[in-house]
């Protein structure tokens with residue numbers, strides 16, 4: 001076996017640094033293609049349009065990651081891997097807090113700056129984010145009307161939404177976990193009784209209690225994002241209609257009270 005210039009034996013299969021020469025930072029992350037996706041549309045150009053595009057593309061990247069994590073949370077609960085479900089839910093919480101904080105970036109754009117290119121967006125709208133709807137469906141808030149209402153869906157997007165409508169939610173998986181532990185979950189009252197039993201016996205059901213708390217935090221953070229988002233919209237455009245045809249801020253206000261897991265909130269009244 002050959003000895004290298006440093007007097008050390010080479011590490012077989014090693015490809016770090018320039019030894020491998022097959023992959024670079026840019027090629028691994030596909031940076032040329034990624035950085036070519038920010039294409040402003042306004043004519044004449046508007047300085048803040050790049051910021052607007054970047055923020056929303058980053059949202060979609062994080063939505064993709066959240067779907068990846070939350071689907072794994074659901075599957076872990078179904079498989080009884082409560083430790084893994086909790087770990088991944090807490091990772092999702094960190095991402096969700098980042099999404100809320102990201103609103104601060106877009107609020108550095110003044111209403112005047114936004115109006116320079118807002119007309120170029122129509123009829124595109126955040127209302128059309130398929131991944132955001134997937135997150136809602138997976139979390140437990142399924143709405144078949146969205147699929148019927150949104151005519152611009154591609155075949156792949158429609159199939160993804162229909163799959164999310166058909167597959168179990170996070171709440172379905174949590175109830176299946178309770179059922180596997182012998183806890184009754186036939187209706188809302190039985191579920192609340194089981195949740196009270198879990199809350200009253202932390203020593204015997206701590207993993208189930210922690211998962212319930214982690215689901216509640218996911219629900220809470222989603223609500224905080226909706227509230228923060230509507231404030232940002234009102235700060236930018238007031239009560240004007242959305243570029244996609246929605247009522248804008250009034251529609252978003254109506255979504256703020258949405259709760260994925262109302263029984264977990266109601267449980268507080270029963271303790």
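For the stretch 116-157, residues that are assigned to a helix (DSSP H, G or I) and surrounded by 14 or more Cβ atoms within 10 Å (Cβ to Cβ) total 18.
Looking across the stretch 182-192, the residues that are exposed (fewer than 15 other Cβ atoms within 10 Å of the Cβ) and without any contact (Cβ under 8 Å) to a residue 40 or more places away in the chain come down to 182, 184, 186, 187, 189, 190.
When residue 178 is tested against (1) within 23 Å of the chain's Cα centre (by Cα); (2) assigned to a helix (DSSP H, G or I); (3) surrounded by 14 or more Cβ atoms within 10 Å (Cβ to Cβ), exactly one condition is not met: (1).
Residue-wise test of (1) within 13 Å of the chain's Cα centre (by Cα); (2) modelled with pLDDT of 95 or more; (3) farther than 21 Å from residue 228 by Cβ.
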{"position": "38", "(1), (2), (3)": "no, yes, yes"}
{"position": "48", "(1), (2), (3)": "no, yes, no"}
{"position": "59", "(1), (2), (3)": "yes, yes, no"}
{"position": "71", "(1), (2), (3)": "yes, yes, yes"}
{"position": "98", "(1), (2), (3)": "yes, yes, no"}
{"position": "101", "(1), (2), (3)": "no, yes, no"}
{"position": "126", "(1), (2), (3)": "no, no, no"}
{"position": "131", "(1), (2), (3)": "yes, yes, no"}
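Say whether the condition of being touching a helix residue (DSSP H, G or I) at 6+ places or on another chain (Cβ under 7 Å), surrounded by 12 or more Cβ atoms within 10 Å (Cβ to Cβ), within 30 Å of residue 121 (Cα to Cα) and at pLDDT 95 or above is met by at least one residue in the stretch 73-80. Scanning the stretch 73-80, I find no residue that is touching a helix residue (DSSP H, G or I) at 6+ places or on another chain (Cβ under 7 Å), surrounded by 12 or more Cβ atoms within 10 Å (Cβ to Cβ), within 30 Å of residue 121 (Cα to Cα) and at pLDDT 95 or above, so the answer is no. Checked against the criteria, residue 44 does not count as assigned to a loop (DSSP other than H, G, I, E, B), over 15 Å from residue 103 (Cβ atoms), touching a residue at least 60 places away in the same chain (Cβ under 8 Å) and out of contact with any strand residue (DSSP E or B) (no Cβ under 6 Å at 6 or more places or on another chain).
Here 203, 212 are screened, and the one residue that is in a helix (DSSP H, G or I) and surrounded by fewer than 16 Cβ atoms within 10 Å (Cβ to Cβ) is 203.
Within the option set 242, 238, being on the phi > 0 side of the Ramachandran plot and either touching a strand residue (DSSP E or B) at 6+ places or on another chain (Cβ under 6 Å) or at pLDDT below 95 (or both) holds for one residue only, 238.
Could you tell me which of the residues 65, 57, 38 is without any contact (Cβ under 8 Å) to a residue 40 or more places away in the chain and in a loop (DSSP other than H, G, I, E, B)?
None of the others qualify; the one that does is 38.
Of all the numbered requirements in (1) closer than 17 Å to residue 210 by Cα; (2) surrounded by 14 or more Cβ atoms within 10 Å (Cβ to Cβ); (3) more than 16 Å from the chain's Cα centre (by Cα); (4) touching a residue at least 40 places away in the same chain (Cβ under 8 Å), residue 83 misses one, and that requirement is (2).
The values are calculated or read from the model by the stated rules, or taken from the named source; none is laboratory data. None of the values given here were measured: they were computed from a predicted structure. Methodologically, a virtual Cβ is constructed for each residue, glycine included, from the backbone with ideal geometry; neighbour enumeration extends over all protein chains shown.
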